[in-house]
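Taken together, the values in this text are just the output of simple stated rules run on the coordinates, not laboratory data. Since this is a predicted model, take the numbers as computed values, not measurements. With ideal geometry, Cβ positions are generated from the backbone for all residues, glycine too; neighbour counts draw on all protein chains shown.
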Amino acid sequence: MKGSRKGNRVFKEILLYLFFVLIFIPLALAQGNSSPHVYIQNGILYIDGVPQSFLYGAEIQYFRARGSCQKNIDPEITYTAWDELLNKAKEAGINTISFYIPWDWHEPVEGKFDFTGEYDGDGDGRPDYPARNLKHFFEMIKGKGFKVVIIRPGPYINAEWGPHFFGAVPEWLTANEEYQDTLMREENGEISISSMGDGEVKIHSYNHEKFLEKVKEWFRALYNNVLKDVIGEGAPLVFIQLDNETNYGWEEHALYRRDYSAHSIEAYRKFLEDKYKDIENLNQVYNTQYQSFSEVRPPSLFDLDWSLLPQIPIRHRDWIEFHDFYIEKYLSTLKNFWEEIDIKEGDVLFIRSEAYNTWGLGHIPGWNGLSSNNGILTAVNLYQKITESPYLLDFPMKPGHDIKWATEVNKLILGEKGWNYVTEMQTGWFWGDLSNSAREHIYVDGIGHGVKGFTFYYFHTGFNEGEASDCRELGLFWKGAPLNFNLQYITLTDSTGVKPWVCGESWSLIKYLGNYVLAPLGEDLIQSEEVENEVAILDYLPYHYSLEGIEISTHLSGALMGLLIAAGYNPRICLLDVASEDELNKYKVLFFHGLNYMKKKDMHKLLNYVKGGGILVNFLDLPSFDDNGNQDDSFSKILVDSSSGPVVMTKGKIQWSLNNSKGEFSYYPSRAWLNFYPLTTGGVYWGLNEDGEDTKGIVPFMWYIEESTGERYLLGYYKEYGKGRIYHIACNLHYLFNEGDYYNPRLGECLEGYYEVTKALLSDMELNRAIEVTSVNGYPGYHVLVWGRVIEDKDTVFIFVRNNSESGAKINVKIMAGALGLDKNKEYKVIDLMYKEENTPYYCYNTVVSNLSMDDKNEISFTVKVEAERATILVIQPVDVPVLGEKQIEKLIEQALQGDIQAIVQLGGLGKVETVEPLLSLLSKPDREIISETRRALIKLMDGIEDEMLKEIVNNAVIIYDLEASKEEKLNAIKQLVQIGDIRGVDALVGALREDDIDIKLTALWGLMKMGDIVVEPLQKYLDDPEISDDVKYLLSQISSTGGIDVEYAEFEVPEAAEDSFCFAPVEENISESPFWEL
């Protein structure tokens, strides 16, 4: 069977190769290109024919990182700030640079473009902003060796840029009398003004011809002055993002405040005409009597009369769908502009970026993947903590869901493997507290669910446009950026040598992830396939245009995915509206959030799936109308329908009994305000005839008892249908799994109870679990998520672990190793790639267990401990396969010798004995933190040292620097090192000269002198070391030049610079009492 799958894979790859060679390349040649500069094949990005590893990106906003909040500054101040920022990006392992290009920044006055930083708008003879020199910024990027650049030139970038926080269309355009007709309007005809920023945001109708003409001029100027020189073979420009988070103003009810301009209404009526063809078709659906489409009035927020369901909402669904259509048309136009200018697909890849946090009635209308119709890849922005709540995350399950969704959408363009990217991976927020633990969950979730790369946003703080005496007035206050602008960095002549950037809390995690996880393993990660069960969550495009469906598409599906993974089943996302029946039949179980309408073809598709033996789990409501409002009883005639619309759940109890399991748990109202759809009244469900007989053959299994009234409601039942089964659960209790309340102890009983219901529901569905959590601290736990990725034909499995609880967890994991391609004849090790000891900010590798073999069932089991609210990545590999190659270890040693503490910690975690000697040399450093972490690293390595003399040296060296060791123990350790007489102990003795205790200092000095000629060569390296004080240098030089000093007859001539040094002043007073003389 495995050989057959491999054969199928090879055959598919051959077909894809033939398609690429015979179709794609000839098409590129016909367009005048010798070969595409950039393309995606089999889920891998290629640049100039070279496959790329994981794209690890930083958003570096050159226009904000200008080194000062003043105008007319020396360009070198800006260029130094840029240089340092790019250097820090390199240090963090960043390989991709992303940035907005603000239109208003580069065209401050109509027709005056500045891409060289030379524009002098105030006429003082000096350039206003050297940071407008985009040409130089590109040169610096290329000079630093970055080969992947993502530009985001708008026209709208949002980005909290400018006074309105809705950049970057120039104010001169918005204020121009000739362009007032291009602005969005309220329903009353007045210009619509958003409350963003300073509350004066005016947005142009995206597809207005006059507005788009100015956009095209902006794109052409950018291309002619900058982009034409950074595109094509060997050039860094790889992606162009079209606009950014295109929306209608970031506020509640935005779709009903804009856009009612004449241009927009005309476009809306044309949209309806294309959809309904004839006005009578629209009248039948809307229950209206319009004579023509020109009479149709757009809906208003005040039209939302829920008593008229479902007719009235169809008008609203059309209004929401129109806004989505309007945005898609706009993005397609932007892409066409670039292609007219001469940037074609293949020169770059065009992407769009969406923020998938929708509230109210949709500030971003839907998230529908229509971009697949115009070849624009969908990227996502991930923000999981945007409030000041006390909880770890506000949306704990969103990252994985959003990434899986985008992958499925991009498959419509790219084929079976898909591709995805996160254009904004959260590092912090404007307020609140995003901890490194929270970041771990976000990043591990993204990597674990298959993202091919992401950009950290923001990577640094900086300034908005303008000038201020107090730089804080223009500051971008982003809590959590890995690099923060240093307000003390004022001029380059500052003798203190102040650096422009200061590392923030997130720096250590981001640097570690880049250098020690993604650099060595990124290629394996992007080639790996997620281990998923034969289970799918259905996404349904028409529900994206529903007021209720917005909540489904943004939060409920993510919550359900988290619940399923906690229960041990990793689902896929399936796009119901485009999936064929054959595709649905690949899954044993489909989960769906139903509303009261659905297209007829999709109703029948689902029912045929169940008839054929599939299992459908439907939450919320049942479809009883088609999408045109016509009644359709395809579902309701076989199932129990709701008696009303959604009802808010109050305090009460849930009882359940299913598959030989049963239970009861309490529910308390939370900020989530959960709903249910009543299936009963007075405890009797809507499926009985007048005589009280069950006419539908349903099996109830879950009930809700409201505490205040004692009313008992049926919440869940199932029914056999054809060869399959339908479960109907008429509530959204799983909403809690994607809310801050997921961490709320008060709701723990409810979360645990619903988790048990889900496990019981899936227990008899014959689903194979290749990766399974058998217990957490001895019992199952809904707060722990574990899933995996595997590389076909390679002995490597990645396991991703998220512990969302407030206590550490011992997690017992069982994997079907044979089914995942591991070799029964090999032994394996499990490495924790993100191990971190308590109360330290540093990460390292840690061997969880080694020498694992498969049992008779071809399974491997192991236990891993994950601290409270931590997330990590494990890798399972044969014991003889190193996680890091020799060159990577050499680089790590080099970084450690330069004082990189993270590298020191990592060397300790690697368990490589050959790193012991380089670590010993660090004990002479003056930095206490370096010495402390070096000591910890040496302790970890000690058990693996087979050289008994080296082991004894290490043992004594760590005692010298043990803060809890007594003075006598330290003195004895120094004596032992001297007696061993090995040069590998010299650095530990030199380091002891810095100790505060005079006896320890003098004893270490005696030891160096006693060792004689053997220390001469090792001590030479200290004589030019600026970190060594003059007095110590003098003594070392005496020892080094004479091959040892005769202690009895030594006469020291102390240099003037060292007269007050620690080595000499105390000696004169206490010399007779020192054990130095006894030795």
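Summary of values
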quantity: Computed lengthening from residue 270 to residue 608, 0.36 nm per intervening residue step minus Cα-Cα distance; calculated: 118.1 nm
quantity: Per DSSP, loop trypsin sites (Lys or Arg not before Pro) in region 584-673 with at most 11 further Cβ within 10 Å; calculated: 637, 651, 671
quantity: Per-residue HN-Hα couplings for region 890-905 [Karplus 6.51, -1.76, 1.60; θ = phi - 60°; Hz; x = Gly/Pro]; calculated: 4, 5, 5, 5, 4, 5, 5, 5, 8, x, 6, 5, 4, 5, 4, 4
quantity: Proximal lysines relative to residue 228, as straight alpha-carbon distance under 18 Å, when same-chain residues fewer than 8 apart are discounted; calculated: 135, 142, 147, 216, 335, 344
quantity: Förster radius 30 Å - calculated FRET efficiency between residue 812 and residue 433 (Cβ-Cβ, nearest 0.05); calculated: 0.40
quantity: Calculated FRET value between residue 529 and residue 50, using beta carbons and R₀ = 35 Å, to 0.05; calculated: 0.95
quantity: Relative packing of 338-351, 990-1003, 156-169, which averages over residues the other C-beta atoms within 10 Å, highest first; calculated: 156-169, 990-1003, 338-351
quantity: ³J(HN,Hα) computed for each position of region 783-796 - Karplus, 6.51 cos²θ - 1.76 cosθ + 1.60, integer Hz, glycine/proline x; calculated: 8, 10, 10, 9, 8, x, 9, 9, 9, 4, 6, 9, 6, 9
quantity: Of 836/1010; 411/601; 277/601; 511/887; 891/940, pairs whose Cα-Cα distance is over 29 Å; calculated: 836/1010
quantity: Other-chain or far-sequence residues with amide H under 5 Å of residue 45's (modelled H); calculated: 52
quantity: Karplus (6.51, -1.76, 1.60) ³J(HN,Hα), θ = phi - 60°, over region 66-76, in Hz, Gly and Pro reported as x; calculated: 8, x, 6, 9, 9, 8, 6, 7, 4, x, 5
quantity: Most to least packed among 393-401, 782-790, 972-980 [average Cβ atoms within 10 Å]; calculated: 393-401, 782-790, 972-980
quantity: Amide H partners (placed H, <5 Å) of residue 205, local residues excluded; calculated: 183, 184
quantity: Eligible aspartates and glutamates near residue 662 by straight Cα distance, threshold 18 Å, same-chain separation 8 or greater; calculated: 749, 752, 756, 764
quantity: Those trypsin sites (Lys or Arg not before Pro) in region 848-949 that DSSP places in a loop and that have at most 15 other beta carbons within 10 Å; calculated: 857
quantity: For region 555-603: rounded, prolate or oblate by the Cα gyration tensor [a/c cutoff 1.5]; calculated: oblate
quantity: Three-way shape call for region 535-762 based on the alpha-carbon gyration tensor, with the a/c threshold at 1.5; calculated: rounded
quantity: Convex hull volume per residue for region 795-865, taking Cα atoms only, in Å³; calculated: 95 Å³
quantity: Dipole magnitude (debye, nearest 20) for region 71-198, charges at Cβ of Lys, Arg, Asp, Glu; calculated: 1020 debye
quantity: 5 angstrom amide H check on residue 456, placed H, neighbours 5+ away; calculated: 57, 58, 59, 425
quantity: Global form of region 887-931, assessed from the alpha-carbon gyration tensor, a/c cut-off 1.5; calculated: prolate
quantity: Projected label distance in nm at residue 600 and residue 881, using a 7 Å step from Cα toward the beta-carbon; calculated: 5.4 nm
